[in-house]
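Here is the structure we will look at, set down as structure tokens.
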Amino acid sequence: MSKRHWPFLLGGLLVALVLAGVVSNYASSHPDGLDSSLLKGCTVNADDEITGGSCPAQQAKDHELADSPLADYGVRGIGNDFVSTGLSGVLGVLITFAFGGGLFWLARRRGPATPTPNTASAGPADEAATPSTGTR
């Protein structure tokens, strides 16, 4: 990679880290379209717990990785929600950047391909490309 691409790459990484670390804390806490459609037919209290009715969300189960260190948009063990969410976003960006960078590094071009030596005699195409001097 040429040296002039590094500022662009690092600038993009910095923007992604700021968005994930700070701005993600200001995302809406209200359910998105899928969550709200699954709650249709149920009554929900202020803590988003189903208190009555009948809806598809009642059959929901915890995910197998619900107790993982980065589950539920936070880092387990950090009591401050703002810091936990921000750190989770920053770790996600760094892991994604490292994974993507590794894939690009593996797929990069190793250099120009070396041409195979042409041991065959000059054919008609080569004779046509050679300028004629008019003498034989």
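When T135 is tested against (1) over 30 Å from L14 (Cα atoms); (2) at pLDDT 90 or above; (3) β-branched (V, I, T), exactly one condition is not met: (2).
For residues that are part of a helix (DSSP H, G or I) and loosely packed, with under 11 Cβ neighbours inside 10 Å, tally how many sit in the stretch 83-108. Walk me through how you get there before you give the answer.
We begin by selecting, within the stretch 83-108, every residue part of a helix (DSSP H, G or I); these are 83-107.
Add one more test, that the residue is loosely packed, with under 11 Cβ neighbours inside 10 Å, and what stays is 98-100, 102-107.
Going through the stretch 83-108 one residue at a time, the tally reaches 9.
Anything in the stretch 28-44 that is over 15 Å from Q59 (Cα atoms) and part of a loop (DSSP other than H, G, I, E, B)? List them, or say none. Those that are over 15 Å from Q59 (Cα atoms) and part of a loop (DSSP other than H, G, I, E, B): S28, S29, H30, P31, D32.
Output the number of residues of the stretch 9-21 satisfying the condition of being over 15 Å from G100 (Cβ atoms) and either in contact (Cβ under 8 Å) with a residue 24 or more places away in the chain or open to solvent by 40 Å² or more (accessible area, probe 1.4 Å) (or both).
The initial filter retains those residues of the stretch 9-21 that are over 15 Å from G100 (Cβ atoms), namely 11, 14-15, 18-19, 21.
Then drop every residue that is not either in contact (Cβ under 8 Å) with a residue 24 or more places away in the chain or open to solvent by 40 Å² or more (accessible area, probe 1.4 Å) (or both), which leaves 14-15, 18-19, 21.
Result for the stretch 9-21: 5.
Residue count for the stretch 1-57 satisfying the condition of being among the hydrophobic types (A, V, I, L, M, F, W, C) and either modelled with pLDDT under 85 or within 20 Å of V90 (Cβ to Cβ) (or both): 16. Per the conditions (1) of a type in the set (S, T, Y); (2) in a helix (DSSP H, G or I); (3) within 27 Å of L87 (Cα to Cα), the sole criterion not satisfied by S68 is (2).
Consider G77 carefully, then state whether it is assigned to a loop (DSSP other than H, G, I, E, B) and farther than 30 Å from L9 by Cα. Give the derivation first.
On the way: assigned to a loop (DSSP other than H, G, I, E, B): yes; farther than 30 Å from L9 by Cα: yes.
So G77 fits the description; yes.
If you go through the stretch 34-59 one residue at a time, how many are of a type in the set (A, V, I, L, M) and exposed (fewer than 12 other Cβ atoms within 10 Å of the Cβ)?
So the answer is 2.
Tell me, yes or no, whether the stretch 1-8 has at least one residue that is closer than 26 Å to S84 by Cβ, among the aliphatic types (A, V, I, L, M) and open to solvent by 60 Å² or more (accessible area, probe 1.4 Å). No, there is no match, as no residue in the stretch 1-8 is closer than 26 Å to S84 by Cβ, among the aliphatic types (A, V, I, L, M) and open to solvent by 60 Å² or more (accessible area, probe 1.4 Å).
The values are calculated or read from the model by the stated rules, or taken from the named source; none is laboratory data. All figures in this text were calculated on a predicted structure; none of them were measured in a lab. Methodologically, a virtual Cβ is constructed for each residue, glycine included, from the backbone with ideal geometry; neighbour enumeration extends over all protein chains shown. Quick note on the areas: whole protein, heavy atoms, side chains included, nothing else; ligands and nucleic acids left out. Shrake-Rupley method; radii C 1.70, N 1.55, O 1.52, S 1.80 Å.
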